[in-house]
Amino acid sequence: MRYNILDVDGNVLNTINSSAEFVEANFERYELDVQPTPAEPSAEEEAREWRNGELSSTDQAAQTPDWPNRDNILTYRTALRDWPATSDFPNTRPTLGS
């Protein structure tokens, strides 16, 4: 459980993850933190984050006309941009051809 540790005026000093027994034994003033725990990212969100990273990491290659393997990188970037609209999304990631 998450607990807010409070000062004498009721202001939150810290928030900790702990058992009720530990908090009761070690702190005079506390309250259960009712803030929702952030949700884990969905498979789609994780896939989009990975894709955006791949696009960022190939930006320089895409903008440099004489970059080695540039044609394959441009094809890969197109596949990355199109990927969310495919039936494979997010299960099968595009790969960079050689």
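The values are calculated or read from the model by the stated rules, or taken from the named source; none is laboratory data. Computed from a predicted structure; not experimentally measured. Every residue, glycine among them, receives a Cβ derived from its backbone with ideal geometry; neighbour counts consider all protein chains shown. With ligands, DNA and RNA removed, areas are computed over all heavy atoms of the protein, side chains included. Shrake-Rupley method; radii C 1.70, N 1.55, O 1.52, S 1.80 Å.
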Under a 5 Å amide H to amide H cut-off, with H placed in plane at 1.01 Å, what residues pair with residue 29 once short-range neighbours are removed? 6
Pairs of Cα atoms under 8 Å, at least six residues apart: use those to get the relative contact order of the chain, whole percent. 20 percent
Could you tell me which residue out of 8, 41, 84 lies farthest along the dipole of the chain toward its positive end? Charges go on the beta carbon: Lys and Arg +1, Asp and Glu -1, centred on the Cα centre. 84
Take the solvent-accessible surface of the protein heavy atoms, probe 1.4 Å, and return the percent of it on segment 43-92 that carbon and sulfur atoms account for. 44 percent
Label-point separation, residue 20 to residue 52 (7 Å along Cα→Cβ), nm: 4.0 nm
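Given R₀ = 25 Å, FRET efficiency for residue 67-residue 92 by Cβ-Cβ distance, to 0.05?
FRET efficiency, residue 67 to residue 92: 0.40.
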Formal net charge of residues neighbouring residue 82 (Cβ-Cβ distance under 12 Å; K, R +1; D, E -1): +2
Largest fluctuation, 77, 51, 29 only, Gaussian network model of the chain with Cα springs under 10 angstrom, belongs to 29
In debye to the nearest 20, the charge dipole size for the chain, taken about the Cα centre with +1 at each Lys and Arg Cβ and -1 at each Asp and Glu Cβ, equals 580 debye
With Cα atoms, 0 to 90° folded angle of helix 43-57 axis to the chain main axis: 60 degrees
Here the gain from full extension of residue 34 to residue 60, 0.36 nm per residue of separation minus their alpha-carbon distance, amounts to 4.8 nm
Using only Cα atoms and rounding to the nearest 10 degrees, what angle (0 to 90) does helix 70-82 make with the longest principal axis of the chain? 50 degrees
Rg (one decimal) and Dmax (whole number) from the Cα set of segment 23-66, in Å, equal 22.0, 67
As an exercise, use a Förster radius of 41 Å and the Cβ-Cβ distance of residue 7 and residue 81 to find the FRET efficiency, rounded to the nearest 0.05. 0.20
Note: the chain at 4 °C, 1.567 mPa s; Kirkwood Rh on alpha carbon pairs; Stokes-Einstein D in µm²/s works out to 74 µm²/s
